[in-house]
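Working notes, beginning with the structure itself.
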Amino acid sequence: MGKVCVITGASQGIGRAAAIEMSKREDVDVVVLIARSADGLAGTVSAMGDRAKIHQLPYDLSDLDGIPSLVEDICREHGGIDLLLNVAGYADPRSLLDTTADNLVQTFTINVFAMLILIREMARFSDGRPAKILNVASTAGITPRPGWVAYAASKAAVVSLSATLAEELAGSGIKIYTISPGRTATELRRKLAPDEDPTSIMQPEQVARVIRTLLSDDELTLDGQNIIVRQQL
Ligand SMILES: NC(=O)c1ccc[n+]([C@@H]2O[C@H](COP(=O)([O-])OP(=O)(O)OC[C@H]3O[C@@H](n4cnc5c(N)ncnc54)[C@H](OP(=O)(O)O)[C@@H]3O)[C@@H](O)[C@H]2O)c1
């Protein structure tokens, strides 16, 4: 039976590019796309071709309480999850004195808490099924980013939770990868650096190709460590 691949943040940017890449894999039969924007998800579907069965799931990941039933529904409908790509991310860059509780809560809810609960629920249903999870952190989580404190701290949390869970889940059949992309030409990057020329930085398709490589069955040697993905100029 083919694999079931679930991708958050699939309505644009790196998540869309990853969905296109994963749908080219012969061994992936079902791709579940999660994001809020139904139009964005439809745009991703139209770029994916018709080899895999595609399931669009418009969902706001800030609704943490709904995530257990979201995962349960996916597992019941498709028999389980083999590949989980936690790509969704939120950034509203503010300097320290402009950082509000709402900004902190929203940033950590999407970037950290939703990811953690998705992983928890996938693990709950995995029942020894071999699976791979890929979490998208950021180079902002490992080097200082003055003016982006909430985002940077949330990405550092992703690096930490991934390393912890890679050990906690070792032996369960679930492998966890973390990537930290550098500057990538997407909407989120435009928010962080509005004056930058998007053609001068890494493209989402380049990150998606790394994701595909890590999630291949042949990749058995990396696990948990933070992998930096950066275009060498
Ligand atoms: N671009 C960069 O330079 C860069 C560098 C390092 C790391 N990253 C990380 O890469 C990941 C992808 O970002 P991107 O650059 O591709 O940005 P993007 O184009 O802005 O995409 C962000 C994705 O997250 C989804 N999302 C945001 N809030 C959501 C919510 N409440 N519920 C469900 N989905 C939500 C968005 O979908 P909807 O709006 O449709 O909900 C969208 O699909 C993020 O984790 C980001 O932090 C990006």
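The values are calculated or read from the model by the stated rules, or taken from the named source; none is laboratory data. No experiment lies behind these values; they were computed from the predicted model shown. Neighbour counts run over all protein chains shown; Cβ positions are idealised from the backbone, glycine included.
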Pairs under 8 Å by beta carbon, first residue without any contact (Cβ under 8 Å) to a residue 12 or more places away in the chain in segment 48-69, partner in a loop (DSSP other than H, G, I, E, B), six or more apart or different chains?
-> Gly66/Tyr59
For segment 145-163, state whether one or more residues are in a helix (DSSP H, G or I), surrounded by 17 or more Cβ atoms within 10 Å (Cβ to Cβ), at pLDDT below 95 and within 11 Å of the ligand (Cβ to nearest atom).
-> no
Of the numbered conditions (1) buried (at least 17 other Cβ atoms within 10 Å of the Cβ); (2) of a type outside the set (Gly, Ala, Ser); (3) in contact (Cβ under 8 Å) with a residue 60 or more places away in the chain; (4) more than 11 Å from the ligand (Cβ to nearest atom), Arg209 fails exactly one; give the number of that condition.
-> (1)
Please tell me if Arg183 is more than 30 Å from Asp73 (Cα to Cα), within 11 Å of the ligand (Cβ to nearest atom) and free of Cβ contacts under 8 Å to residues at least 12 places away in the same chain.
-> no
Failed item, numbered, when Asp63 is tested on (1) surrounded by 13 or more Cβ atoms within 10 Å (Cβ to Cβ); (2) closer than 21 Å to Ala157 by Cβ = (1)
Across segment 1-21, which residue is nearest to Arg183 (Cα to Cα) among those that are aliphatic (A, V, I, L, M) and crowded, with 24+ Cβ neighbours inside 10 Å?
-> Ile14
Is it true that some residue in segment 209-231 is over 24 Å from Met22 (Cα atoms) and not aromatic (Phe, Trp, Tyr)?
-> no
